[in-house]
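Undergrad: Structure incoming, see below.
Bear in mind these aren't lab numbers, they're just calculated from the coordinates by the rules spelled out. If you're wondering where the values come from, they're calculated on a predicted model, not measured in any experiment. Positions of Cβ are backbone-derived with ideal geometry, glycine not excepted, and every protein chain shown enters the neighbour counts.
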Amino acid sequence: MNRNEIILMTEEFVRQRMKGYDSGHDWWHIERVRRLANLINKKEALADPFILEIAVLLHDSADSKFAGDNIEGGYSLIHEFMEKNGLTEIKERVIEVIRDVSFSKKNLSGDLNDPILLILQDADRLDAIGAIGIARAFNYGGFRNNAIYIPGEDQNVISKSF
């Protein structure tokens, strides 16, 4: 199987894994991050483009926001997918990168000098700012049924101060 076929199979795997995700974390998020990561790597020439693309495609496939307590199950599926599709040589590196790329991860770990991690993390965070980032934040809140605003008992506090 050549690299283009592997990328197409990875795309399909990711589409299936992300079916139930909100639209801020859907296939189009992956595409935006993919374009940003490829642009960064084209300018910086730091990472193997194929490994970067596989990591970008898979980076939210085991997202804790959607996997809940079964995040390790998500990583197992990624591991199996990579093993079955000729990605054994890069499997451990890609899985380590996607474990470490999360915005919510407070304590950085892994190889903090790995260009795959750095590029993917920058691209993912760029997709979390600006108008798209604001839209994604509201979308995720709605997906989780979080209220935008719940007025308190004293609603007149603000109006009285003006």
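Undergrad: Can you figure out the FRET efficiency of Asp48 with Lys84, using R₀ = 22 Å and their beta-carbon distance, to the nearest 0.05?
TA: Once rounded, the FRET efficiency stands at 0.55.
Undergrad: I've got another one for you. What nm distance separates the two modelled labels at Glu11 and Ile129, each placed 7 Å from Cα along Cα→Cβ?
TA: 2.9 nm
Undergrad: Using the beta-carbon distance between Asp122 and Arg3 and R0 = 22 Å, what value does 1/(1 + (r/R0)^6) give for FRET efficiency, to the nearest 0.05?
TA: With R0 = 22 Å, the Cβ-Cβ based efficiency is 0.40.
Undergrad: A further question on this structure: For Asp111, list long-range residues whose amide hydrogen, built 1.01 Å from N in the peptide plane, is under 5 Å from its own amide hydrogen.
TA: Here nothing satisfies the definition.
Undergrad: Take the Cβ-Cβ distance between Trp27 and Leu77 as r, set R0 to 25 Å, and report the resulting FRET efficiency rounded to the nearest 0.05.
TA: E between Trp27 and Leu77, to the nearest 0.05, is 0.90.
Undergrad: How do 116-124, 44-52, 28-36 rank on mean C-beta neighbours within 10 Å, highest first?
TA: The most tightly packed comes first, giving 116-124, 28-36, 44-52.
Undergrad: Figure the gain on full extension for Lys19 and Asp111 (residue separation times 0.36 nm, minus the Cα-Cα span) and round it to one decimal in nm.
TA: The span from Lys19 to Asp111 would gain 30.1 nm if fully extended.
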